[in-house]
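Please treat every number below as a calculation from the coordinates, not as lab data. On a predicted model such as this, the values are computed, not experimentally measured, just so you know.
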Amino acid sequence: MILADVGDGVVWAVWVMAAFACLGSGIAVVTFHNPFYSALALIGNLGSLAVLYLLVSAEFVAAAQVLVYAGAVMVMFLFVIAYLGGQADAPWAGGTTWQSVAAVVAAGALLLEIVMVIGLAAGGRLSDEADVRGSFGSPAEIGNLFLTDHLLAFEITSIVLLVAAVGGVVLGSEKERGRP
């Protein structure tokens with residue numbers, strides 16, 4: 001019994017550390033002025049999310065998080081940032097834009113959602129357990145979902161990443177030719 005309590009304490013300690021690392025690195029992503037440091041903070045964020053995935057027994061998702069996002073996608077982002085240069089544009093220098101208004105609205109919606117979930121959990125409305133099959137989260141189940149139900153979203157994501165990489169190269173080549 002004491003051993004189980006110690007194990008639960010370790011799990012809680014790891015969860016708290018990973019949660020604070022996730023929040024801290026997320027804040028660092030949006031506050032760093034240098035895009036290279038922001039990308040490195042995003043890698044830390046993705047790594048701490050992988051630890052949280054491990055704590056909920058989603059080993060495959062944690063491995064994919066590290067390999068795909070923290071590995072391949074972030075390496076591509078770092079190459080594009082290195083190609084374009086390390087200086088960040090001043091996002092608020094031009095005044096209020098529709099993007100900044102949309103960002104504030106999205107942040108407000110997320111805050112509202114968090115408050116609602118906390119309220120529902122405190123009221124006991126989220127206490128029902130979900131019916132989860134034994135194959136949930138397995139590589140076969142995830143592969144089946146990717147190649148059947150979510151194939152279009154998977155392919156659109158790959159095209160968006162490709163367009164982002166090509167756009168970074170185009171912007172970098174125009175910058176080297178002396179264009180603004």
*asked:* Taking 0.36 nm per residue of sequence separation and subtracting the Cα-Cα distance, how much length would be gained by fully extending the chain between A103 and S57, in nm to one decimal?
replied: 13.3 nm
*Given the stretch 11-84, what whole percent of its Cα pairs are spread farther than 17 Å?*
46
*Can you give me the Cα centroid spacing of the stretch 19-60 and the stretch 104-171 in angstrom?*
16
*Could you run the Karplus curve 6.51 cos²θ - 1.76 cosθ + 1.60 with θ = phi - 60° over the stretch 42-55 and give me ³J(HN,Hα) per residue in whole Hz, x for Gly and Pro?*
5, 4, x, 5, 5, x, 5, 5, 5, 5, 5, 4, 4, 5
